[in-house]
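The values are calculated or read from the model by the stated rules, or taken from the named source; none is laboratory data. As the structure is a prediction and not an experimental result, all values here were calculated from the model. Heads up, the Cβs are rebuilt from the backbone with ideal geometry, glycines too, and the neighbour counts pull from every protein chain shown.
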Amino acid sequence: MSGKIRFYQADKFVLIGIILALLYWFVEAVIHEFVFEDGSLVDGLIPTDMNELWMRLFISLNFLGFSLYARTIVARRRDAEELLREERDMAQMYLDAAGVIFLILDAGQKVTLINRRGCEVLGYEEEEIVGRDWFENFLPERIRRETTEVFESLFKGGASIVEYHENTVVTKSGAERLVAWHNVALRDRNGKASAVLSSGEDITEKRLAEDTLRERFDELERFRKATVERELRMQELKERVFELERRMSEMAAPASQADGR
């Protein structure tokens with residue numbers, strides 16, 4: 001279907017060229033009849049003067065030539081646009097298939113691209129995110145100022161980009177998710193930062209699991225220490241009992257010898 005549409009739009013230029021050529025031929029005939037009075041309109045349409053005939057043919061062919069040239073230019077442009085669209089759709093498909101967040105922020109802190117995974121984590125549709133200020137709409141207020149200053153200094157040339165960092169984002173429901181970001185600056189021909197590309201992984205559950213594991217490890221460590229301390233105390237108590245029994249035995253020995261005498 002798209003091929004037929006492109007064919008029609010391209011041949012439209014050829015049709016325009018033919019119409020302009022015929023219109024020019026007719027206007028020339030009218031001028032020769034009513035201005036120069038060189039015979040009838042029919043005679044003007046088919047001139048007997050060879051110079052006049054060749055001039056009209058040359059100009060008419062120019063109209064056709066320009067129409068064919070315009071057709072070629074438009075066809076190439078449409079092919080290039082279609083190729084660019086296909087490449088963009090393919091890139092978007094790859095981004096959507098990825099299991100991590102892909103995000104591009106421009107110098108104005110606005111989102112220019114986000115993939116499907118990013119939309120899923122934030123709980124928004126893509127059109128609700130693209131074009132909005134990332135820091136004002138998707139970061140907690142407590143970290144907003146600090147991260148904004150670092151971001152702005154990057155575009156002013158006062159700081160290098162932080163390649164890895166972790167921060168929380170605010171979802172549509174108001175919940176917070178912890179995301180581990182890997183960042184790279186996109187630069188123009190002059191080496192000036194023009195945007196930031198970030199890939200992020202939602203590590204909320206992973207960090208909760210790590211914290212839970214750490215708490216249990218701490219509990220086990222406390223239990224181990226308590227067990228060791230109890231065993232040491234038991235050992236100390238046994239040694240004291242043993243010492244007490246030894247002393248009692250020593251005290252009982254002289255008494256037994258006295259009774260024997």
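The rows are residues; the columns are (1) touching a Lys or Arg at 6+ places or on another chain (Cβ under 9 Å); (2) in a loop (DSSP other than H, G, I, E, B); (3) aliphatic (A, V, I, L, M); (4) at pLDDT 70 or above.
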{"residue": "PRO47", "(1), (2), (3), (4)": "yes, yes, no, no"}
{"residue": "LEU61", "(1), (2), (3), (4)": "no, no, yes, yes"}
{"residue": "ASP79", "(1), (2), (3), (4)": "yes, no, no, yes"}
{"residue": "LEU95", "(1), (2), (3), (4)": "yes, no, yes, no"}
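Only one of VAL184, VAL170 is under 16 Å from the mean Cα position of the chain (by Cα) and among the β-branched types (Val, Ile, Thr). Can you tell me which?
Exactly one residue qualifies, and that residue is VAL184.
From the list ALA209, ALA175, ALA193, which residue is touching a strand residue (DSSP E or B) at 6+ places or on another chain (Cβ under 7 Å) and small (Gly, Ala, Ser)?
From the options ALA209, ALA175, ALA193, the qualifying one is ALA193.
Okay, residues lined up against (1) modelled with pLDDT under 90; (2) assigned to a loop (DSSP other than H, G, I, E, B); (3) surrounded by 17 or more Cβ atoms within 10 Å (Cβ to Cβ):
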site: ARG117; (1), (2), (3): no, no, yes
site: VAL121; (1), (2), (3): no, no, yes
site: LEU154; (1), (2), (3): yes, no, yes
site: THR168; (1), (2), (3): no, no, no
site: ALA180; (1), (2), (3): no, no, yes
site: ARG189; (1), (2), (3): yes, yes, no
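Give SER160, SER194 a once-over and let me know the one that is modelled with pLDDT under 90, assigned to a strand (DSSP E or B) and farther than 23 Å from LEU122 by Cβ.
On the way: SER160 fails: assigned to a strand (DSSP E or B).
Step by step, each of SER160, SER194 is checked, and only SER194 is modelled with pLDDT under 90, assigned to a strand (DSSP E or B) and farther than 23 Å from LEU122 by Cβ.
Please work out if GLU201 is without any contact (Cβ under 8 Å) to a residue 60 or more places away in the chain and either of a type in the set (Lys, Arg) or surrounded by 10 or more Cβ atoms within 10 Å (Cβ to Cβ) (or both).
no
Return the total of residues in segment 123-150 being aliphatic (A, V, I, L, M), over 12 Å from the mean Cα position of the chain (by Cα) and part of a loop (DSSP other than H, G, I, E, B).
Number of matching residues: 1.
Looking at the structure I just gave you, is THR227 assigned to a strand (DSSP E or B), surrounded by 10 or more Cβ atoms within 10 Å (Cβ to Cβ) and of a type outside the set (Phe, Trp, Tyr)?
no
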